[in-house]
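Trainee: Would you mind keeping the following structure in view while I ask a few things?
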Amino acid sequence: MQNITSIAGLKDAIQVLEAEQSIRGQLLKDQLFLTYESLKPVNLIRNTLKEISSSPYLIDNIPGTIMGLASGYISKKVFTGASGNIFRKLLGLILQFGVTNVVTRNSEVIKSVGLSVFQHFLQKKVMNSKNSVR
């Protein structure tokens, strides 16, 4: 910025700064409104669902994640039962977290092993039914 030597130059500089302040103030208000709108619960849920539905990685991992969460929850319920012991509940929570992580990370392996076991029992049943027909 140059040195201002006259009253007219000072008035011009003040007007320029006031115009800049007005523009920046309006931009700040607009950004505040956008932030307010984006933080509404309805918009948060809508945006999250859009991200989930548009991400192929998340869609492919939903069954594994559900399987991990369910197995973790079931393992905690089996371990703690109806116990009121806070130590047992804490260990159950740690177990739930561990089982959920292991199952979620290895869901493809668990699915393939489960499918193999299912096919093995199905083949035995077919073989037994063929032997009994003879």
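The numbers here are math on the coordinates, done by the rules we state, and not lab data. Since this is a predicted model, take the numbers as computed values, not measurements. In this analysis, Cβ positions are derived from the backbone assuming ideal geometry, glycine residues included, and neighbour counts consider all displayed protein chains.
Trainee: Roughly how tilted is helix 41-54, in degrees to the nearest 10 and between 0 and 90, from the longest Cα axis of the chain?
Mentor: Long axis of 41-54 versus the principal axis of the chain: about 60 degrees.
Trainee: Also: As I understand it, the dipole of the chain uses +1 on the Cβ of Lys and Arg and -1 on the Cβ of Asp and Glu, about the Cα centre. Which of PHE33, SER71, GLN15 lies farthest toward its positive end?
Mentor: Projecting each Cα onto the dipole axis, the largest value belongs to SER71.
Trainee: Same structure again: Net charge within 15 Å of THR100 by Cβ-Cβ distance, Lys/Arg positive one each and Asp/Glu negative one each, not counting THR100 itself?
Mentor: Neighbour charge sum, excluding THR100 itself: +3.
Trainee: Given ASN61, VAL109, ASN43, which one lies farthest toward the positive end of the charge dipole of the chain, if we put +1 on the Cβ of every Lys and Arg and -1 on the Cβ of every Asp and Glu?
Mentor: Final value for the positive-end residue is VAL109.
Trainee: Further question on the same structure: Would you please report the Å³ per residue occupied by the convex hull of the alpha carbon atoms in the stretch 1-54?
Mentor: Roughly 82 Å³ of hull volume per residue.
Trainee: Suppose every Lys and Arg Cβ carries +1 and every Asp and Glu Cβ carries -1, with no other charges. What dipole size does the chain come out with about its Cα centre, to the nearest 20 debye?
Mentor: It comes to approximately 1420 debye.
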